[in-house]
Amino acid sequence: MNIIKTIQIAFRALNRNKMRSFLTALGIIIGVGAVIAMVSIGQGAKKAVEQRFQEMGTNLLFIRPGSRSFRGVHGGSGTFQNLKPEDAEAILKNCNAVQYVSPNVSTRAQTVYRNKNWNTSIQGVGADYPLIRNWNVVDGEFFNEGMVKTAAKVCVLGNEVKINLFENEDPIGKIIRIKSIPFRVIGIMEQKGEAGGWFNRDDTIFAPYTTVQKRLMGIDHVQSIDVSAVAPELTGEAQRQIEELLREKHRILPGAEDDFNVRNMSDIAESAAESTRILTILLGGIASVSLLVGGIGIMNIMLVSVTERIREIGIRMAIGAKERDILMQFLTEAIVLSGVGGLIGIGVGMLTSRLISHFAGWQTVVSLGAILLAFIFSGTVGVFFGYYPARKASKLDPIEALRYE
């Protein structure tokens with residue numbers, strides 16, 4: 001039988017029961033739409049994570065204090081505050097794979113300007129911090145190495161702090177008080193927004209780490225050290241050099257546990273990408289269940305259709321139709337149902353993704369691969385669940401079919 005003719009017959013048969021055909025295809029429409037929408041959410045999350053790490057740079061390394069055992073009691077990571085500014089200076093001087101270094105300390109404090117006050121995060125950092133984090137100053141300037149060495153009482157405001165303390169007033173050159181200590185504002189950082197939904201990076205004040213150490217916290221150690229490698233491909237070498245140097249400086253014996261941790265941003269980025277990939281697969285898998293339900297609906301309706309059209313099948317066989325012609329006729333009807341449902345479902349999925357992005361504020365990415373996968377899967381469902389009813393129709397005895405009432 002001619003394939004074009006078979007498709008035409010399939011459309012005529014489905015058109016006789018428009019509502020039933022639509023409701024049958026609805027399962028496939030919902031399934032395909034759900035798959036595309038869920039996968040777009042997962043891929044949007046992956047893209048957002050990749051963009052966040054690209055903004056920070058993949059040549060970053062973070063050095064944090066490690067753990068310490070005392071009289072058999074093993075403390076957790078960060079319980080031993082053993083990082084000193086001298087460690088950061090030694091890393092910059094002796095590790096040729098390292099380009100920039102910034103010792104870091106942080107606290108929270110109430111800040112006051114005239115009759116306004118705001119509780120915010122105070123970050124004590126080095127002069128190269130903006131270069132390490134790819135974070136630019138949009139107004140004024142960042143403090144230099146001389147200000148760090150002299151523990152100058154200067155600061156740079158995040159955008160959120162600037163809005164809450166100064167509103168529309170120009171803050172450059174103004175004096176704010178942090179824990180009653182006067183600081184002169186010398187710059188404003190560019191707006192960065194939230195970091196993974198955990199905190200607002202713009203709600204921060206940056207000051208020389210030496211100033212925060214001595215005047216706000218009363219400590220002589222640093223809580224962490226941020227390091228930028230010369231190039232992304234040299235982060236591994238930079239990590240090796242840092243670990244060797246710090247083991248030597250901290251007099252750690254061979255085989256003994258490090259009292260510090262060095263984390264490579266490339267490794268963190270790969271782990272985050274893998275997590276979002278698993279999330280995408282999970283969301284797509286959950287949505288695919290609705291496609292299977294739609295396929296079962298197709299099988300059910302096709303079995304009903306075979307029962308209703310037994311006399312028609314008998315007549316076709318009596319005038320010369322072969323088993324494969326009957327098989328192809330009913331199989332084509334199932335494929336048409338799933339195919340049309342798949343095409344409509346693609347539009348529904350793309351529209352749903354846009355609505356999610358618009359109303360929920362989530363980043364979504366509808367990829368061609370997801371569309372093709374969902375459409376191919378819907379066609380496969382039509383073939384799989386339509387084959388049994390079609391084969392049952394083709395195996396009917398022509399004489400018994402003609403006698404059927």
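The values are calculated or read from the model by the stated rules, or taken from the named source; none is laboratory data. Because the structure is predicted, anything quoted here is derived from the model rather than measured. For neighbour counting, all protein chains shown are included, and Cβ atoms are generated from backbone atoms with ideal geometry for every residue, glycine included.
All told, Ala195 meets the bar of being within 26 Å of the chain's Cα centre (by Cα) and at pLDDT below 95. Cβ-Cβ distances below 8 Å connect the following pairs, each with a first residue in segment 192-208 that is crowded, with 17+ Cβ neighbours inside 10 Å and part of a loop (DSSP other than H, G, I, E, B), a second residue that is among the small types (Gly, Ala, Ser) and at pLDDT below 85, and a separation of six or more residues or different chains: Arg201/Gly193; Arg201/Ala195; Asp202/Gly193.
Here Phe330 meets the list (1) assigned by TED's automatic domain parsing to the domain that holds Met38; (2) hydrophobic (A, V, I, L, M, F, W, C); (3) free of Cβ contacts under 8 Å to residues at least 40 places away in the same chain almost entirely, failing just condition (3). In segment 103-155, the qualifying residues are those that are β-branched (Val, Ile, Thr) and under 31 Å from the mean Cα position of the chain (by Cα), and the one that is surrounded by the fewest Cβ atoms within 10 Å (Cβ to Cβ) is Val138. Report whether or not Phe22 is of a type in the set (Phe, Trp, Tyr), assigned by TED's automatic domain parsing to the domain that holds Met350, in a helix (DSSP H, G or I) and closer than 28 Å to Leu355 by Cβ. Against the criterion (of a type in the set (Phe, Trp, Tyr), assigned by TED's automatic domain parsing to the domain that holds Met350, in a helix (DSSP H, G or I) and closer than 28 Å to Leu355 by Cβ), Phe22 qualifies. Return a yes/no flag: does segment 388-401 have any residue that is assigned by TED's automatic domain parsing to the domain that holds Leu14, under 26 Å from the mean Cα position of the chain (by Cα) and over 17 Å from Ser305 (Cα atoms). The answer is no, given that none of the residues of segment 388-401 is assigned by TED's automatic domain parsing to the domain that holds Leu14, under 26 Å from the mean Cα position of the chain (by Cα) and over 17 Å from Ser305 (Cα atoms).
Annotation: Gly320 fulfils all but one of (1) assigned to a helix (DSSP H, G or I); (2) within 26 Å of Ile4 (Cβ to Cβ); the unmet one is (1). Just to verify a result, which residue in segment 211-231, among those that are surrounded by 15 or more Cβ atoms within 10 Å (Cβ to Cβ) and farther than 30 Å from Gln110 by Cβ, is modelled with the highest pLDDT? So the residue we want is Val227. With respect to the conditions (1) in the same structural domain as Asn104 (by TED's automatic domain parsing); (2) touching a Ser or Thr at 6+ places or on another chain (Cβ under 7 Å); (3) closer than 18 Å to Phe62 by Cβ, Asn264 lacks only one, and its number is (1). Of all positions in segment 223-239, at least one carries a residue that is of a type in the set (Ser, Thr, Tyr) and either out of contact with any helix residue (DSSP H, G or I) (no Cβ under 9 Å at 6 or more places or on another chain) or not assigned by TED's automatic domain parsing to the domain that holds Asn144 (or both). Kindly indicate which of Thr332, Thr352, Thr364 is part of a loop (DSSP other than H, G, I, E, B) and either touching a helix residue (DSSP H, G or I) at 6+ places or on another chain (Cβ under 9 Å) or of a type in the set (Gly, Ala, Ser) (or both). One residue alone meets the criteria, Thr364. Selection of segment 307-317 for residues being part of a helix (DSSP H, G or I) and either touching a residue at least 40 places away in the same chain (Cβ under 8 Å) or within 19 Å of Gly382 (Cβ to Cβ) (or both) yields Ile310, Arg311, Ile313, Gly314, Ile315, Met317.
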